[in-house]
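Remarks on the structure that follows.
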Amino acid sequence: MNILTVDVEEWFHLCGVGGRLDPSHWDALPSRVVETTRRLLDAIDAAGVPATFFMVGWVADRHPALVREILAAGHEIGSHGHWHRRVYESTPDTFADDLNACRRAIVDAGAPCPTSFRAPEWSINDRVPWALEVLAREGFSVDASMAPLKLVGRLDYPRHPHVRTTQAGDIVEVPPFVADRFGQVMPMGWGWGLRMSSPQRVLSSIARANRRGEPAVLTVHPWELDPDPPRVWLPPRLMFAHYFRLGGFERRLKDIMQGATFSTLRAAATCAAPS
Ligand SMILES: [Zn+2]
């Protein structure tokens, strides 16, 4: 069983970019999240796949009806932080404040209190050894943020759901899907890695992981299905991550959803191995 997740954020919710995309300008930028999330919801529902939608609290505050639409379609709601900040740019206190602001926005929109979390830009790693403990203390039981990838995490992080023990309680860590290609580890389950690969390539990688007993956790963003995405100048690394091969992604995603079997994040978490 595999897991589909959606990080519900605007096209301008990018980490580490100031200037025109600074949070102080967000309200003045063109909003695309409602239209693109609905497009993604339609595709997901046509495939009959259950999904977990990690909401940016800032989006839930401004579009509470969108949260209710996601719930009404039968999907789970998790937290993607309120201000879409990297966790390692926070302190334990400011991280807890951000979690609380996001939770308040989600609950005020009419959803149950979220118990699962996805860090912006996979930013729970060795730089923030306190992060899982803060999550546990704040009532979270599942985290889906620790990437087994050198750039944002560590290559030797487990690739399967597993329990991590903290002083404030246990957290089930459900890592994103990576695969070995060309002697490298690549993000097969999200971003440029998912968009550059053919559905057949993604599905064969998923099948290999499943044979090892590992679910593949896929992650998509509403802005990846925008037929006319706003274009801004970004540093080259972000330009590639954000705009590479968006054309035809919706069609390829539909093929991937139809070619694999998906369950909920909650169900995967209950099967987590002890650490
Ligand atoms: Zn994000």
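Laboratory data are not the source of any read-out in this text; all were calculated from the coordinates shown. Note that the structure is a prediction, hence the values are computed from the model and not measured. Don't worry about glycine lacking a Cβ; one is built from the backbone with ideal geometry, like all the others, and counts go over all protein chains shown.
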Per DSSP, the loop-located trypsin sites (Lys or Arg not before Pro) within region 173-260 having at most 13 other beta carbons within 10 Å are Arg212, Arg231
Compute the relative contact order of the chain as a whole-number percentage, counting only Cα pairs closer than 8 Å that sit 6 or more residues apart in sequence. 24
Could you calculate the contour length gain from Trp130 to Gln184, that is, 0.36 nm times the residue separation minus the distance between their Cα atoms, to one decimal place in nm? 16.5 nm
The chain, helix-only ellipticity at 222 nm - DSSP H runs n ≥ 4, -39,500 (n - 2.57), divided by all residues, nearest 500: -10500 deg cm²/dmol
Could you give the length gained by full extension between Val163 and Thr270, i.e. 0.36 nm per residue of separation minus their alpha carbon distance, to one decimal place? 37.5 nm
Sort region 86-148 into rounded, prolate or oblate with this rule: let a ≥ b ≥ c be the square roots of the eigenvalues of the Cα gyration tensor; rounded if a/c is under 1.5, and if a/c is not under 1.5, prolate when a/b is larger than b/c, oblate otherwise. prolate
Checking Gln167, Gln258, Gln184 against a Gaussian network model of the chain (alpha-carbon springs below 10 Å), the top fluctuating residue turns out to be Gln184
Among Phe54, Ile44, Ala72 the positive-end extreme of the charge dipole of region 39-92 (Cβ point charges): Phe54
Among Ala105, Ala179, Ala46, determine the one that fluctuates most according to a GNM of the chain built with springs between C-alpha atoms less than 10 Å apart. Ala46
Given a Förster radius of 41 Å and the C-beta distance between Leu29 and Ala72 as r, what FRET efficiency does 1/(1 + (r/R0)^6) yield to the nearest 0.05? 0.90
Dipole of region 1-41, Cα-centred, from +1 at each Lys and Arg C-beta and -1 at each Asp and Glu C-beta, to the nearest 20 debye? 160
The chain, dipole about Cα centre (Lys/Arg Cβ +1, Asp/Glu Cβ -1), debye to the nearest 20: 920
Can you compute the modelled spin-label distance between Asp97 and Phe240, with each label point 7 Å from Cα toward Cβ, in nm? 3.6
In region 187-267, the chymotrypsin sites (Phe, Trp or Tyr not before Pro) that fall in loop regions by DSSP, at most 15 other Cβ within 10 Å: Trp233, Phe244
Which of Ser198, Ser79, Ser141 fluctuates most in a GNM of the chain (C-alpha springs under 10 Å)? That residue is Ser198
Cβ-Cβ FRET estimate between Arg104 and Arg39, R0 fixed at 35 Å, reported to 0.05: 0.80
Gained length - Cys113 relative to Arg212, 0.36 nm times residue gap less alpha-carbon distance: 32.3 nm
Kyte-Doolittle mean at least -0.5, axial Cα span of 20 Å or more - DSSP H helices of the chain: 33-47, 92-108
For the chain, what does the alpha-carbon gyration tensor say about shape, rounded, prolate or oblate, given a ≥ b ≥ c as the root eigenvalues, a/c under 1.5 as rounded, and a/b over b/c as prolate? rounded
Evaluated at 4 °C and 1.567 mPa s, the Stokes-Einstein D of region 49-116 based on the Kirkwood radius over Cα pairs, in µm²/s, stands at 109
